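Chemist: Take this structure first; my questions come after.
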Amino acid sequence: MKLHENNALGELGGAIGKGLLAGLVATAAITISQIIEMKITKREPSEAPLKVAEKTAGLKPASSDDKQKLSQEIHWSYGTVWGVTRGLISLTGLKGIPATLIHFGAIWGTAMVILPKFKAAPPIYKEDAKAIAIDGFHHAVYAVTAGLVFDTLDAGSKNEKRLNRLIKRLHLKGLISRFKF
């Protein structure tokens, strides 16, 4: 009697679960990327997620504190859920760079369509080159991180030791603990 048998629902569930974990880690990575960039450029946090939430779900923060809290909740939820897309891409058999490129295109492409549609950001052709580059960079950080995490989780124990060593090194160097969320 087999204890484990691959089946379509099991594969789908595994892809979704691994995708959610990859999305969560990738959201942490893009958050760190944005924090660093905002400190360098002196840019204020974007209100685009709040504008879209207000127009689609009628959500309106009651205070300035609530505004920041709601914005973070939307950011983390949205980013984590986008990891599911990476999992679904893997079900096609794509892995590595090709899967990451498709994921990147889906994420950034969606942002370029949705944000202008809800008047949360100007269309890309009205943005300056610097803003486009920064936005593309942040989305690339997300997609690459999600891809690396997903592929590591999907590969099983072969890469698990490498990932654990990397996390331990980052903790030892204090890189992970420097950022408080």
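Chemist: Between L170, L94, L20, find the one with the highest GNM mean-square fluctuation for the chain; connect C-alpha pairs within less than 10 Å.
Modeler: Highest fluctuation of the listed residues: L170.
Chemist: Okay, moving on. What distance in nm separates the two pseudo spin-label positions at E54 and F137, each 7 Å out from Cα along the beta-carbon direction?
Modeler: Reported label-point gap for E54 and F137 is 2.9 nm.
Chemist: Turning to a different aspect of this structure: Could you derive backbone 3J(HN,Hα) for the range 120-137 from the dihedral phi with the Karplus parameters 6.51, -1.76 and 1.60 (θ = phi - 60°), listing whole Hz in sequence and x where the residue is Gly or Pro?
Modeler: 8, 7, x, x, 4, 6, 9, 8, 7, 4, 5, 5, 5, 4, 5, 5, x, 4
Chemist: Moving on to the next point. In whole percent, how big is the carbon plus sulfur part of the accessible area of the chain, probe 1.4 Å, protein atoms only?
Modeler: Working: 7660 of 11930 Å².
In the chain, the share of accessible area belonging to carbon and sulfur is 64 percent.
Chemist: For the pair L170 and E37, how long in nm is the line joining their label points, each one 7 Å along Cα→Cβ?
Modeler: 1.8 nm
Chemist: What does the chain give for Rg and for Dmax, in Å, if only its C-alpha atoms count?
Modeler: 18.0, 62
Chemist: I would also like to ask the following. Just to confirm the number: angle between the C-alpha axis of helix 48-57 and the first principal axis of the chain, 0 to 90 degrees, nearest 10?
Modeler: Taking Cα atoms only, the helix is inclined about 80 degrees.
Chemist: With the other protein chains left in place, how much accessible area per residue, in square angstrom, belongs to the chain at a 1.4 angstrom probe? Intermediate results must be reported in sequence, preceding the final value.
Modeler: Values: 11930 Å² over 181 residues.
Result: 66 Å² of accessible area for each residue.
Chemist: Please build a GNM for the chain, connecting alpha carbons under 10 Å apart, and tell me which residue among A129, A111, A22 fluctuates the most.
Modeler: A129
Chemist: Could you work out how far helix 64-90 tilts from the main Cα principal axis of the chain, as a 0 to 90 degree angle to the nearest 10?
Modeler: For 64-90 against the chain, the angle is about 40 degrees.
Chemist: Could you work out [θ]222 nm for the chain from helices alone, using -39500 (n - 2.57) per DSSP H run of at least four and dividing by all its residues? Round to the nearest 500 deg cm²/dmol.
Modeler: Values: 6 runs with 136 residues, N = 181.
Roughly -26500 deg cm²/dmol at 222 nm, from the helical runs in the chain.
Chemist: Please report the equivalent ellipsoid semi-axes of the range 112-154, computed as sqrt(5 x eigenvalue) of the Cα gyration tensor, largest first, in whole Å.
Modeler: 27, 13, 5
Chemist: When the chain is fully extended, how far beyond the present Cα-Cα distance does D66 get from V113, taking 0.36 nm per residue of separation?
Modeler: Working: separation 47, 0.36 × 47 = 16.92 nm, distance 2.69 nm.
My answer for the length gained is 14.2 nm.
Chemist: Could you please put T110, T100 in sequence from largest to smallest accessible area, using a 1.4 Å probe? Don't skip to the answer; put the middle values down first.
Modeler: Working: T110 45, T100 20 Å².
The ranking, largest first, comes out as T110, T100.
Chemist: Something else about it: Give the range of the longest stretch in the chain that excludes all trypsin sites (Lys or Arg not before Pro) found in loop regions by DSSP and having at most 15 other beta-carbon atoms within 10 Å.
Modeler: Values: sites that count: K2, K42, R43, K95, K119, K173, R178, K180.
Counting only loop sites that pass the neighbour cut-off, the longest clear stretch is 120-172.
Chemist: Note the angle between two axes, namely the Cα long axis of helix 96-117 and the longest principal axis of the Cα atoms of the chain, as a number of degrees from 0 to 90, rounded to the nearest 10.
Modeler: 30 degrees
Chemist: Put a dot 7 Å past each Cα toward the Cβ at Y78 and L9; how far apart are the dots in nm?
Modeler: 3.4 nm
The values are calculated or read from the model by the stated rules, or taken from the named source; none is laboratory data. Quantities reported herein were computed from a predicted structural model and do not represent experimental measurements. Glycine gets a Cβ as well: all are built from the backbone with ideal geometry, and neighbour counts include every protein chain shown. In case anyone asks, the SASA skips ligands and DNA or RNA and just uses the protein heavy atoms, side chains included. Shrake-Rupley method; radii C 1.70, N 1.55, O 1.52, S 1.80 Å.
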